[in-house]
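Asks: Mind looking over this structure? Questions follow.
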Amino acid sequence: MVVLAASVLSKSGKVLVSRQFVDMTRIRIEGLLAAFPKLVGTGKQHTYVETENVRYVYQPIEALYLLLVTNKQSNILEDLETLRLLSKLVPEYCYSLDEEGICKTAFELIFAFDEVICLGHKENVTVAQVKQYCEMESHEEKLHKLVLQSKINETKDVMKRKASEIDKSKIDKNKGDKGGFMSMGSGRIESSFSDMSISSSGSGFGSSSGLGLTTEVDSFSTKSKGRQLSSATAPPKGLGMQLGKSQKTNQFLESLKAEGELIVEDVQPRAGQARVAAAAPTDPITLTAEEKLNVTLKRDGGISNFDVQGTLSLQILNQEDALIQVQIETGGNPGILFKTHPNMNKELFSNENILGLKDPNRPFPTGSAGDAAGVGLLKWRMQSADESMVPLTINCWPSVSGNETYVSIEYEASAMFDLRNVVIYVPLPALREAPNVRQIDGEWRYDSRNSVLEWSILLIDSSNRSGSMEFVVPPADSSVFFPISVRFSATSTYSDLKVVNIIPLRGGGAPPPKFSQRTNLITENYQVV
């Protein structure tokens, strides 16, 4: 028995939560889940659907589907038992069995699913045991929090006492004359600030006190110490005022914390944190054909720019598989111009459609020696002015009626591709509240910060090649709603490039190594202007 994934979907096919228990690519699990609503028939009583490769075992829960994706060798009786246990867990963690309730408790459901299924196999647990494992109450943790809170309260009392001493010193200073008594007052203030610094360090502001305050307070304390050292040659009056300001800052931060405010220290993000890790290849040889689409459409019809740029990259895990040649097959599109890498044998490619190095005894880079995205073998480009080549056209019709602007937007998709994760970004005028969406095929979200309406369609295939949306906003000029940006992906390309065979050049009669091919079409810049 191997459970590939456990998911919660809406009746329309939108994936709310999905937990995978075996290694699989995101494209594969999205494809499996996107195919499920089309396989489920209406009016039937069975709870499973089989395809060529996997089995779907599901159970309706009000407006949702609880779904298990398993391989066909799995024991369906055990799968049904697993599904029955998960169906008892979902109401335990979700206050309402709808899309909003599932999304708010998504992580709790994932943790519960992990307690039931481990590496695709069901664990022998009950609902009560799963809840107990997920709660993980700790007496030591509670005790630690109580001790920490008592130390924080003690530190607040010390801060209040020192603040009152500072105020008293200021009053004494204002009462003094400008003569010798003023100097004596300044000395008293300086002594008071020095005492405050020493006692604060002893009461827990230093790093060695073990108090465990947040780094924000430590950073402010460090800054105040730095100012004290840099102004050592300044008059005592300036030194005292500077330290007093730092103490008030710390007191203000502590008062905000006591009221429940979250104080975040400004930290510059690292460049490495913004990078998204690519899916690691699992086969010995992986070839990725990717095309990037740059399209500019005119709002009144017609095409301004259509440009497709594609690359074929190679990733090899093992050194023993690096001495190879790649035989490909193109779709025969005359508008596509192919260009090989300078190290490739151009004559071999033009005559036999085989990609190989000029030196047949030289292996391809492998593992960490190659680029993270693979070694580029082939590039191609296609440009066209034919509007029939455009995979998705957008028509926007704003019209002002009285004190409102009615905006109707429709899309028409070509039959060439099945588009996935389609998002249409419509700019809006500055609004106080979200627009009134009266009709939509798909889902919508209003980004108030950027004043953009996002129209999302999970999958566009033969069942929904066209769709529309209508919304109402206050009076606005029609040019406000442009340019409209579009983002989507597809698993087929214009070049229809396919890897036919991997030809090993190493002797010994060894069989050709196993390989896999990834094909992806993405939008780089797709706009209606």
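Asks: Suppose every Lys and Arg Cβ carries +1 and every Asp and Glu Cβ carries -1, with no other charges. What dipole size does segment 85-153 come out with about its Cα centre, to the nearest 20 debye?
Replies: Numbers: 7 positive and 12 negative charges, 52 e Å.
In total the dipole reaches around 240 debye.
Asks: Kindly provide the GluC sites (Glu not before Pro) of segment 362-441 that DSSP labels as loop, not H, G, I, E or B, and whose Cβ sees at most 10 other Cβ atoms within 10 Å.
Replies: On the way: sites: E387, E404, E410, E412, E433; in loops: E433.
Answer by residue number: E433.
Asks: Using DSSP to call loops (not H, G, I, E or B), can you name the trypsin sites (Lys or Arg not before Pro) in segment 58-142 whose Cβ has at most 16 other Cβ atoms within 10 angstrom? The partial results should precede the final answer.
Replies: On the way: sites: K72, R84, K88, K104, K122, K131, K142; in loops: K72.
In loop regions of segment 58-142 (DSSP not H, G, I, E or B), the sparsely surrounded trypsin sites (Lys or Arg not before Pro) are K72.
Asks: Any chance you could list P(r) for segment 404-444, counting all Cα-Cα pairs in 10 angstrom bins from zero, rounded to whole %?
Replies: Here the calculated profile for segment 404-444 is 17, 52, 23, 8, 0.
Asks: Okay, moving on. Of all accessible surface on segment 1-158 at a 1.4 Å probe, what whole percent is carbon and sulfur? Intermediate values should be presented prior to the final figure.
Replies: Values: 4750 of 9100 Å².
That fraction is 52 percent.
Asks: Shifting gears a bit: Need one number: nm distance between label points at R84 and S388, each 7 Å from Cα along Cα→Cβ, rounded to one decimal.
Replies: 5.8
Asks: Shifting gears a bit: If the chain between N294 and E470 were fully stretched, how many nm would it gain, using 0.36 nm times the residue separation less the Cα-Cα distance?
Replies: Working: separation 176, 0.36 × 176 = 63.36 nm, distance 2.69 nm.
Extra length from N294 to E470 when fully extended: 60.7 nm.
Asks: With an 8 Å cut-off on Cα pairs and a minimum separation of 6 or more residues, tell me the relative contact order of segment 275-411 in percent.
Replies: With pairs under 8 Å counted, the relative contact order is 27 percent.
Asks: Turning to a different aspect of this structure: Over segment 376-470, what is the relative contact order in percent, taking alpha-carbon pairs closer than 8 angstrom and at least six residues apart?
Replies: Details: 145 pairs, mean separation 28.5, N = 95.
RCO, segment 376-470: 30 percent.
Asks: How large a share of the accessible area of segment 303-402, in percent, is made up of carbon and sulfur atoms when the probe is 1.4 Å and the other protein chains stay in place?
Replies: Taking all protein chains in place, segment 303-402 shows 47 percent carbon and sulfur surface.
Asks: Starting from the eigenvalues of the Cα gyration tensor, five times each then square-rooted, give me the equivalent ellipsoid semi-axes of segment 332-402, largest first, whole Å. Mind dumping the intermediate values first?
Replies: On the way: eigenvalues 361, 71, 10 Å².
Sorted largest first and rounded, they come to 42, 19, 7 Å.
Asks: Moving on. Measure off 7 Å from each Cα along the Cα-to-Cβ vector at I440 and R28, then give the distance between these two points in nanometres to one decimal.
Replies: 3.3
Asks: Another one. Extension gain Q319-D167, at 0.36 nm per residue separation less the Cα-Cα distance, in nm? Before the final figure, lay out the partial values.
Replies: Working: separation 152, 0.36 × 152 = 54.72 nm, distance 7.48 nm.
Going from the current span to full extension adds 47.2 nm.
Asks: Ordering R299, R420 from largest to smallest accessible area (1.4 angstrom probe), what's the sequence?
Replies: On the way: R299 95, R420 60 Å².
The most accessible residue leads, giving R299, R420.
Asks: Would you kindly state how much longer the chain becomes between Q73 and D114 on full extension, computed as 0.36 nm times their sequence separation minus their alpha carbon distance, in nm to one decimal? Walk me through the intermediate numbers first.
Replies: Details: separation 41, 0.36 × 41 = 14.76 nm, distance 2.17 nm.
Extra length from Q73 to D114 when fully extended: 12.6 nm.
Asks: Then there's this: Would you work out the Kirkwood radius for segment 427-529? I mean one over the mean of 1/r across all pairs of different Cα atoms, in Å.
Replies: Working: mean 1/r = 0.0557 Å⁻¹.
Final number for the Kirkwood radius of segment 427-529 is 18.0 Å.
Asks: Can you tell me the Rg and the Dmax, both Å, for the Cα atoms in segment 1-126?
Replies: Rg then Dmax for segment 1-126, in Å: 13.3, 37.
Asks: Right, another one. Return one whole number: the accessible area per residue of segment 327-426 in Å², for a 1.4 Å probe. Working shown, then result.
Replies: Details: 5500 Å² over 100 residues.
Heavy-atom accessible area per residue stands at 55 Å².
Asks: At 1.4 Å probe size, with every protein chain present, just tell me what the per residue accessible area of segment 1-114 comes to in Å². Write down the numbers at each step before the final one.
Replies: On the way: 5760 Å² over 114 residues.
Per-residue accessible area for segment 1-114 comes out at 51 Å².
The values are calculated or read from the model by the stated rules, or taken from the named source; none is laboratory data. Since the model is a prediction, treat every value here as computed from it, not as a measurement. Using ideal geometry, Cβ is built from the backbone for each residue, glycine included, and neighbour counts are taken over all protein chains shown. We work out accessible area using only protein heavy atoms, side chains counted, and drop any ligands, DNA or RNA first. Shrake-Rupley method; radii C 1.70, N 1.55, O 1.52, S 1.80 Å.
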